[in-house]
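Novice: Pasting a structure here, questions to come.
The values are calculated or read from the model by the stated rules, or taken from the named source; none is laboratory data. Source: prediction; values computed, not measured. Here the Cβ positions follow ideal geometry from the backbone for every residue, glycine too, while neighbour counts run over all protein chains shown.
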Amino acid sequence: MIDLVYKSISINDARRSMELNASLWRLSWVTFIFLPLTFLVGFFGMNVDVFGDNPPLKWQGISFYPSFCTTAKT
């Protein structure tokens, strides 16, 4: 009887572990997508005169693609 109780608890723990694994997998993908975007938005949203008079959109793309590729490789 005790063995049956231990097996039941073990099965419940395994199910909870699988649910937690799925939740962390989703969180990892959300972080994978939004963390580099947050960095780029923060970088281009600064009120500094480093960029002069708003550089063309191509410079934002030039900085976005290498950072995206670097993130995608990890």
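Novice: I need the full set of residues from the stretch 1-33 which are of a type in the set (S, T, N, Q) and under 18 Å from THR71 (Cβ atoms), in order please.
Specialist: Within the stretch 1-33, SER28, THR31 meet the criteria.
Novice: Looking at ASP3, is it modelled with pLDDT under 80 and of a type in the set (Asp, Glu)?
Specialist: no
Novice: Let me confirm something: among LEU35, LEU20, LEU27, LEU57, which residue is more than 13 Å from the chain's Cα centre (by Cα) and modelled with pLDDT of 75 or more?
Specialist: After applying the criteria, what remains is LEU20.
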